[in-house]
Each structure stands twice: as C-alpha cells, then as structure tokens.
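The values are calculated or read from the model by the stated rules, or taken from the named source; none is laboratory data. The shown structure was predicted, so the numbers you read here are calculated from the model rather than taken from an experiment. Cβ: placed from backbone, ideal geometry, glycine included. Neighbour counts: every protein chain shown. Just the protein is used for accessible areas: all its heavy atoms, side chains included, with ligands, DNA and RNA removed. Shrake-Rupley method; radii C 1.70, N 1.55, O 1.52, S 1.80 Å.
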Amino acid sequence: MNDFIQLLHELFANKGKLIQLRKGELLIKEGHIEQHLYFVKEGAIRAFYQSEKEEYTIRFGYQGNIINSLASYISQSPSELCLEALKKTEVLALKKSQIEELIYSNHENTIAYLHLIEHLVVQQIERETDLLIESPSARIERVLKRSPNLFQHIPLKHIASYLRMTPETLSRIRKHHPTDDKI
C-alpha cells in the first residue's frame with residue numbers, strides 16, 4: 001500500500017490541479033459524478049450525507065489525507081455525498097484518467113492499487129463497526145486509535161455528528177476523560 005500512496009503523492013505533486021476553497025464551499029455536490037481524487041494540502045474537508053431531516057458526517061480529510069466521494073468515483077454514478085471545506089482549504093485534484101494511467105502502467109502498480117483498495121474496505125468495515133457500538137466513549141476511543149489528531153483538525157460539532165452523538169455529549173465525555181489529552 002505504501003508504494004502506491006508514494007506514487008500517488010508524486011503524481012499529485014507533479015500533475016495535481018490546485019483548488020482553493022473557502023469555509024463552507026462544496027468540493028462536490030450531491031448528484032454530481034465524482035471524477036477526481038483529492039489530496040488535502042491545507043485545511044479540512046468533511047464528507048456528509050444530507051437527509052430530509054439532518055446531515056450525517058461520514059468521513060473527514062485533513063492535511064496529508066486523500067479524499068473523494070469514493071462510491072461515485074468507482075461506480076461513476078451520482079454522488080449521494082457532499083464534500084465541504086470546514087475552513088480555508090487547499091486540495092490538489094487528479095482526474096480519474098490520471099489515476100487509472102498510474103494503476104495500469106505496470107503490474108506492480110496494479111497490485112499495489114489492489115492492496116490500497118483492500119485497506120479502504122477494511123476502513124469502511126471499521127467505520128460500520130463504529131456505528132454499531134452503543135457506548136459513546138467506546139466510539140470515541142476507536143476513532144482516536146485510527147485518527148489520533150482528529151480533534152486538532154476538525155470542529156467538535158462535526159466530530160459529534162460523525163460519532164452519532166450531540167456536541168454536548170461529546171463535550172461531557174471529553175471533560176470527564178482524564179487519561180487522554182487528545183480528546
């Protein structure tokens with residue numbers, strides 16, 4: 001996986017198109033077909049689903065992360081997600097055709113890409129497991145194991161949405177969790 005990520009980083013550095021976003025600006029809207037992969041240079045992005053009643057944050061990307069509306073990107077169907085800048089953000093964008101050229105340029109890259117996809121599947125399963133855990137404290141601890149710097153990059157109200165709890169519950173848990181200064 002690291003080999004392909006390194007190749008992606010080189011591709012982003014050499015051929016990525018810089019996109020600057022203001023806080024609240026959408027990188028992709030629901031209903032649009034995702035054509036890019038984004039590397040977050042600065043700032044933070046959230047992926048969220050908008051129901052009739054509320055928004056559900058499902059993923060974050062911050063400095064050094066790669067993000068997009070993955071289901072739309074892979075299936076080339078309309079995105080059910082929106083990607084929103086949580087603060088002033090800069091991303092580098094690569095077109096799907098650029099990524100595919102890298103993937104299929106040689107056998108080693110294809111294998112490395114498959115390993116990356118396997119890793120993404122595991123991440124998705126971990127996220128689904130997070131949603132099944134009833135204890136809010138346990139959900140926080142699981143997420144912090146995977147993303148220890150989350151609270152340094154993402155506003156609390158969005159972390160609370162991601163963790164399926166109110167901002168007040170998250171604040172209360174953080175206040176009464178003396179063993180972890182990252183919460």
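Quick one: what pairs do we get from the range 97-122, first residue within 21 Å of residue 15 (Cα to Cα) and surrounded by 13 or more Cβ atoms within 10 Å (Cβ to Cβ), second among the acidic types (Asp, Glu) and modelled with pLDDT under 90, C-beta under 9 Å, 6+ apart or different chains?
Partner pairs satisfying both residue conditions: 109/3; 112/3.
How many residues does the range 8-38 hold that are modelled with pLDDT under 95 and either touching a Ser or Thr at 6+ places or on another chain (Cβ under 8 Å) or among the aromatic types (Phe, Trp, Tyr) (or both)?
1
Looking only at the range 21-48, which residues are over 14 Å from residue 82 (Cα atoms), out of contact with any Lys or Arg (no Cβ under 8 Å at 6 or more places or on another chain) and touching a residue at least 60 places away in the same chain (Cβ under 8 Å)?
Within the range 21-48, no residue meets the criteria.
Within the range 19-65, which residues are touching a helix residue (DSSP H, G or I) at 6+ places or on another chain (Cβ under 6 Å) and within 18 Å of residue 161 (Cα to Cα)?
Listed by number, the residues that qualify are 44, 46, 57, 62.
Please name all residue pairs, on different chains or six or more residues apart, with Cβ atoms under 8 Å, provided the first residue is in the range 78-94 and is at pLDDT 95 or above and the second residue is open to solvent by less than 10 Å² (accessible area, probe 1.4 Å) and polar (S, T, N, Q).
Pairs that qualify, where the first residue is at pLDDT 95 or above and the partner is open to solvent by less than 10 Å² (accessible area, probe 1.4 Å) and polar (S, T, N, Q), are 78/72; 79/69; 79/72; 80/69; 80/72; 81/69; 81/72; 83/69.
Please list, ordered by first then second residue, the pairs with beta carbon atoms under 8 Å, 6 or more apart or interchain, first in the range 135-162 and within 19 Å of residue 176 (Cα to Cα) and buried (at least 19 other Cβ atoms within 10 Å of the Cβ), second among the acidic types (Asp, Glu) and at pLDDT below 85.
As it stands, the answer is 139/130; 143/130, since those pairs meet every condition given.
Which condition number does residue 107 fail, the rest of (1) farther than 21 Å from residue 34 by Cβ; (2) in contact with a helix residue (DSSP H, G or I) (Cβ under 7 Å, 6 or more places away or on another chain) being met?
(2)
Which condition number does residue 65 fail, the rest of (1) in contact (Cβ under 8 Å) with a residue 40 or more places away in the chain; (2) under 21 Å from residue 148 (Cα atoms); (3) open to solvent by 30 Å² or more (accessible area, probe 1.4 Å) being met?
Failing condition for residue 65: (1).
So that you can scan it fast, the table gives a plain yes or no per residue for (1) within 12 Å of the chain's Cα centre (by Cα); (2) aliphatic (A, V, I, L, M); (3) open to solvent by 80 Å² or more (accessible area, probe 1.4 Å):
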position: 31; (1), (2), (3): no, no, no
position: 34; (1), (2), (3): no, no, no
position: 40; (1), (2), (3): yes, yes, no
position: 46; (1), (2), (3): yes, no, no
position: 53; (1), (2), (3): no, no, yes
position: 85; (1), (2), (3): yes, yes, no
position: 89; (1), (2), (3): no, no, no
position: 92; (1), (2), (3): no, yes, no
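Quick check: anything in the range 126-135 within 14 Å of the chain's Cα centre (by Cα) and closer than 21 Å to residue 65 by Cα?
Yes: one or more hits.
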